[in-house]
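These notes concern the structure reproduced below.
The values are calculated or read from the model by the stated rules, or taken from the named source; none is laboratory data. As the structure is a prediction and not an experimental result, all values here were calculated from the model. Cβ: placed from backbone, ideal geometry, glycine included. Neighbour counts: every protein chain shown. Surface areas here come from the heavy atoms of the whole protein model, side chains and all, with no ligands, DNA or RNA. Shrake-Rupley method; radii C 1.70, N 1.55, O 1.52, S 1.80 Å.
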Amino acid sequence: MIENFPAFLLAAFLLNIAPGPDQAYILGRTLAQGRFVGLVSSWGVCSGAFIHVVAAALGFSLILQSSPLAYALLKYTGAAWLLWLGLKSFRQGTFRVNEAGAAQARASLRRVYAQGILVDLLNPKVALFFLAFLPQFIPPGHPNRASLFIVLGALVIAMGLVCEAALVVFSQRILGKSLQSSRAAIYLNYALGLVFVGLGLNFAFSG
């Protein structure tokens, strides 16, 4: 039994539609590399979030909450990795959103998925968010708190998948035709690099 289930659903929905690092990353991928790459990025991000949920349910995320060193190590590792991805995007040059670009994107879908996982997994704030948010909806004295914690986390992530899919589809539908030119492809590749750099700096300097 979930405590105050309507409030949980409303809060989860509002949290998922609020702009944040995950949305910026997925939108950047979509506009630079197309709809399917954007969806794969979303699947990766949500997979990383689910790993955080399971870790929190098993108690591993409490280490981040209680150990400033562990938190700092994860945060700065994530920041350095994102900054490296940003610099790599700047060096790659043009990524054209056409048939050749789509073929190139399909060839690297595993890498895109893995990067999505790491974008979320290397953000310690995600772990602390689940630790703070989900227990509010678990009844005191529930006989299986860990299982209910995972169920609630999975519901939040499932809702996130739907919201992120809508973001990908609508952004590509609205802007897709304007992204076919070589000049637009160059700008989008640089914009994707800026997204990575911005996320990296946010990781590094956030409290």
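Any residue at all in the stretch 184-196 that is over 15 Å from residue 37 (Cα atoms), open to solvent by less than 70 Å² (accessible area, probe 1.4 Å), at pLDDT 85 or above and under 23 Å from the mean Cα position of the chain (by Cα)?
no
I need the full set of residues from the stretch 11-34 which are open to solvent by less than 10 Å² (accessible area, probe 1.4 Å), over 11 Å from the mean Cα position of the chain (by Cα) and at pLDDT 85 or above, in order please.
Correct list: 12, 30.
I want to confirm something. Restricting to the stretch 155-164 and keeping residues that are within 15 Å of the chain's Cα centre (by Cα) and of a type in the set (A, V, I, L, M), which single residue is most open to solvent (accessible area, probe 1.4 Å)?
Only one residue fits best here, namely 162.
Being of a type outside the set (A, V, I, L, M, F, W, C), part of a helix (DSSP H, G or I) and open to solvent by less than 10 Å² (accessible area, probe 1.4 Å) is the requirement here; does residue 38 meet it?
Criteria met by residue 38.
Only one of these is at pLDDT 80 or above, surrounded by 14 or more Cβ atoms within 10 Å (Cβ to Cβ) and hydrophobic (A, V, I, L, M, F, W, C): 199, 179, 167. Name it.
Every option except 167 fails the conditions.
Taking the condition of being farther than 16 Å from residue 55 by Cα, open to solvent by 40 Å² or more (accessible area, probe 1.4 Å) and assigned to a helix (DSSP H, G or I), how many residues in the stretch 127-154 meet it?
Looking only at that region, the number is 1.
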